[in-house]
Structure formats: C-alpha cells, structure tokens
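Participant: I have a structure here, written as structure tokens, and I will follow up with some questions on it.
Read the figures in this text as sums done on the coordinates, not as results from a lab. This is a predicted model, so every value here is computed, not measured. Cβ sites come from the backbone with ideal geometry, for glycine too, and all protein chains shown count toward neighbours.
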Amino acid sequence: MEGIVEGRVGDVEAARAAVRKANESGYARLSLEVDGGRFSVLPDAVRIPSAQMTDARRAAFFEGLRDFAAASDGPVESTLRCTEVFEDCVRETLFVMDPGGRSLRALTRERSVTSQDHSEPERQPVTRPPMPRRLVVMVAALLLVLMGLLAWTGGWIDRAFSADISEVRADTAVFGDLLTIDVNGSWGDYVVSLRRGRSYPLTLAEIEALRHNASEPVRRVAVAAVVDGGPIWLRLEDKDGRGLVASRIDLRLLVESKDDAVSVRLPGRRDAARIRLALSAGEVAR
C-alpha cells in the first residue's frame with residue numbers, strides 16, 4: 001500500500017472515525033495527520049500478509065476510505081494505490097476521486113507476475129503539504145518567548161549585560177587588610193580570589209594582638225574566622241547595598257599556605273556595584 005490522500009478538513013471527527021473504520025478492517029493501516037485546515041492520510045510502510053487479503057477485509061477497508069472522502073470539505077487528491085501479488089497474477093488498484101468529486105472509487109487491473117513483484121518495493125518520497133505561514137510565525141514567536149524565559153530564569157541575560165569589573169568595587173569591609181580581593185571577569189561572571197593581606201597574622205603573638213585590639217565584637221569575630229580558617233561569605237551587592245548573590249567561602253586553605261588563594265565564581269549581574277566580604281549571607285534579593 002503506497003501513496004497519499006490529501007484535502008481540506010470538513011468534519012474532523014467523522015474523518016477520524018472513517019480512518020479508524022478502515023484500520024479496524026485489518027486489511028491495511030492508515031495514519032491521519034491534520035494541519036490547520038488540511039489533512040493527509042498515509043499508509044504504514046509495511047507489507048501486508050497474505051492472510052489479511054480477504055474480500056471482506058478489502059470491502060471494509062474501502063468503505064472506510066469512502067467515508068473519509070465524504071467527511072472532507074470538497075474534492076480530495078489521491079495517489080493511494082495497492083499492489084496485491086498472487087501466485088499467478090498481480091492485482092493493482094488505484095483509489096481515485098469519482099466524477100462527482102465527493103467519493104473515492106477503485107480502479108483495478110491485473111497483470112502477470114514478475115521477479116520484481118517478490119522483492120521489497122521501493123517507496124517514493126511523499127511530499128507533505130507545507131506548514132501554513134501563520135502557523136510558522138506563531139511557532140517562531142513561541143520559540144522566541146520560550147528562549148527569552150529560559151535566558152531570564154537561567155541568568156543568561158544578566159551575564160550577557162553584567163557590569164564590567166572596572167565598575168564593581170571590592171570591599172574587605174570588617175576584615176580590613178587581613179585579606180585581599182582580586183576580581184577578574186569570565187564570560188559575564190566574576191571570578192573572585194582571596195589571599196592573605198599584609199596584616200594577616202603569622203604568629204601566636206600577632207593573633208593575640210589582633211584579638212586584643214579588636215574594638216568591636218564584629219571585628220573580633222572576623223579575626224577569629226581568619227585565624228581559625230573558618231567560613232565567611234562573599235556578597236555581590238548593588239549600589240544601594242542590596243544583596244544580589246551570596247557565596248560561602250572556607251578560609252582554611254589560607255591558614256595552610258601563604259601562596260595559595262581561595263577562588264569563588266559569582267554570576268554576573270547588570271546592577272552589580274560591589275563585592276563585599278561578610279560574616280553572614282545576609283538578605284539576598286530573589
């Protein structure tokens with residue numbers, strides 16, 4: 001079974017019922033595709049077993065085809081054809097529109113069997129009806145909206161238009177010169193590296209001096225985090241001090257090595273103005 005039946009949709013439910021009726025015959029199987037105001041019917045690309053080639057099945061299949069043509073809105077175009085190979089002959093049937101234009105009729109001829117009839121037939125490519133221009137525009141618009149939403153929720157828009165590193169100030173805040181911050185840009189993100197500062201304590205005496213000279217509790221906690229190698233936070237803030245992103249940092253590596261650095265990658269933001277060291281994550285805008 002090869003070819004295609006095309007036309008305009010009239011009664012969609014009646015067309016679907018007709019295709020089901022043809023398929024339930026067990027003679028062959030059709031697939032219905034509806035695209036806007038048009039339809040196309042294609043047979044499955046399989047060879048039909050001889051056990052299915054009975055007169056009753058043929059009649060039921062053809063009745064479903066005629067019901068389908070009657071459900072269309074106007075004449076249909078058909079290249080649907082069937083080749084039945086018997087021992088002593090080949091029966092070829094072409095399903096075409098009848099002169100009235102509202103139904104299909106079967107034109108059948110018989111010929112002698114050839115060696116090619118027992119080989120797998122080569123199927124011709126089927127030209128499907130083009131997608132309506134309006135539907136193409138709607139699909140393209142939907143894809144653009146979807147890509148925009150993905151870019152927005154995934155932060156890609158912020159990365160693409162993130163503030164340049166020259167416009168983002170690094171602030172050690174309460175840690176002062178115990179630590180230093182280096183900021184570099186990478187594909188719209190900020191790569192922040194922390195190292196020992198010039199006041200980083202190297203001896204127990206220097207540690208005790210820092211603790212003794214801490215004039216405020218927050219400074220004392222900052223000193224403890226540095227000398228113990230504890231966790232602190234890196235905050236990306238806007239010009240008004242609102243948190244945009246916060247990332248936890250472990251300082252233990254700086255205790256073990258004077259040459260190593262702790263690096264953290266912060267996602268770029270359009271409204272970024274400052275990268276600040278903090279003792280807590282604080283409030284971050286969602």
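Participant: How would you classify segment 170-264 from its alpha-carbon gyration tensor, with a ≥ b ≥ c the square roots of the eigenvalues: rounded for a/c under 1.5, else prolate if a/b is greater than b/c, otherwise oblate?
Facilitator: It is oblate, given that a/c is not under 1.5 and a/b is not larger than b/c.
Participant: I would also like to ask the following. At 0.36 nm per residue, minus the direct Cα-Cα distance, what do V46 and Q116 gain on full extension? Give it in nm, one decimal, please.
Facilitator: Stretched out fully, the V46 to Q116 stretch lengthens by 23.5 nm.
Participant: Sorted by packing (mean other beta-carbon atoms within 10 Å per residue), highest first, where do 82-90, 27-35 land?
Facilitator: So the order, starting with the most tightly packed, is 27-35, 82-90.
Participant: Kindly identify segment 17-72 as rounded, prolate or oblate by the Cα gyration tensor criterion: order the square roots of the eigenvalues as a ≥ b ≥ c, call it rounded if a/c is under 1.5, otherwise compare a/b with b/c, prolate if a/b is larger, else oblate.
Facilitator: Oblate.
Participant: Let's see if you can work this out: charge +1 on each Lys and Arg Cβ, -1 on each Asp and Glu Cβ, no other charges. What is the dipole magnitude of segment 1-41 about its Cα centre, in debye to the nearest 20?
Facilitator: Taking the Cα centre of segment 1-41 as origin, the dipole is about 100 debye.
Participant: Which Cα, out of L244, G185, T203, lies furthest along the positive dipole direction of segment 168-286 (beta carbon charges, K/R +1, D/E -1)?
Facilitator: L244
Participant: Below 8 Å, C-alpha to C-alpha, sequence gap of six or more: please give me the relative contact order for segment 177-286 in percent.
Facilitator: Value for segment 177-286: 29 percent.
Participant: Calculate the dipole size of segment 179-286 relative to its Cα centre from +1 charges on Lys and Arg beta carbons and -1 charges on Asp and Glu beta carbons; express the result in debye to the nearest 20.
Facilitator: 240 debye
Participant: Could you give the size of the charge dipole of segment 221-279 about its Cα centre, using +1 on the Cβ of each K and R and -1 on the Cβ of each D and E, expressed in debye and rounded to the nearest 20?
Facilitator: Around 300 debye, computed over segment 221-279.
Participant: Considering only G37, L80, S50, whose Cα is most displaced toward the positive end of the charge dipole of segment 1-80, charges sitting on Cβ of Lys, Arg (+1) and Asp, Glu (-1)?
Facilitator: My answer, from the dipole projection, is S50.
Participant: Among 74-81, 107-114, 267-274, how do they line up by average Cβ neighbours within 10 Å per residue, starting with the highest?
Facilitator: 267-274, 74-81, 107-114
Participant: How would you order 59-65, 257-263, 212-218 from highest to lowest mean count of nearby Cβ atoms within 10 Å?
Facilitator: 59-65, 257-263, 212-218
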